[in-house]
Amino acid sequence: MDRPEPEKPDVLPSTALAYLDRNYWDKRFAQEEHYEWFKDYSHFRHIVLQHIKPQSSVLELGCGNSQLCEELYRDGITELTCIDLSPIAVEKMKQRLINKGYKEQIG
């Protein structure tokens, strides 16, 4: 007998303008642990590594709760800056990286 999948919280905003509202993102990231907007890194890794070298600096705008920075770090790209409109997303990412043992400057 198959177990029913747990219900996922509704994360879609009521209007497109809500994407500009920090409160929408704070509420969403308070509930959601991980989400990739497109595909996960494995789908485009080969393209990224052709253009971004380990000595590159990368700025991830709107990092949210994506795992992109962790994947880039594992590939040797360590000069990463991740920012987001939501301080909740930033704090949760900071804690996640600390818990995973990242020793570089986090803050």
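The values are calculated or read from the model by the stated rules, or taken from the named source; none is laboratory data. These numbers come from a predicted model, not from an experiment. Cβ: placed from backbone, ideal geometry, glycine included. Neighbour counts: every protein chain shown.
Output the residues belonging to the range 22-53 that are in contact with a Gly (Cβ under 7 Å, 6 or more places away or on another chain) and assigned to a loop (DSSP other than H, G, I, E, B).
Within the range 22-53, just TYR35 meets the criteria.
Residue-wise test of (1) more than 12 Å from the chain's Cα centre (by Cα); (2) surrounded by 13 or more Cβ atoms within 10 Å (Cβ to Cβ).
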position: LEU49; (1), (2): yes, yes
position: ASN65; (1), (2): no, yes
position: GLY76; (1), (2): yes, no
position: CYS82; (1), (2): no, yes
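Do we have any residue at all in the range 21-42 that's exposed (fewer than 11 other Cβ atoms within 10 Å of the Cβ), modelled with pLDDT of 95 or more and of a type in the set (A, V, I, L, M, F, W, C)?
no
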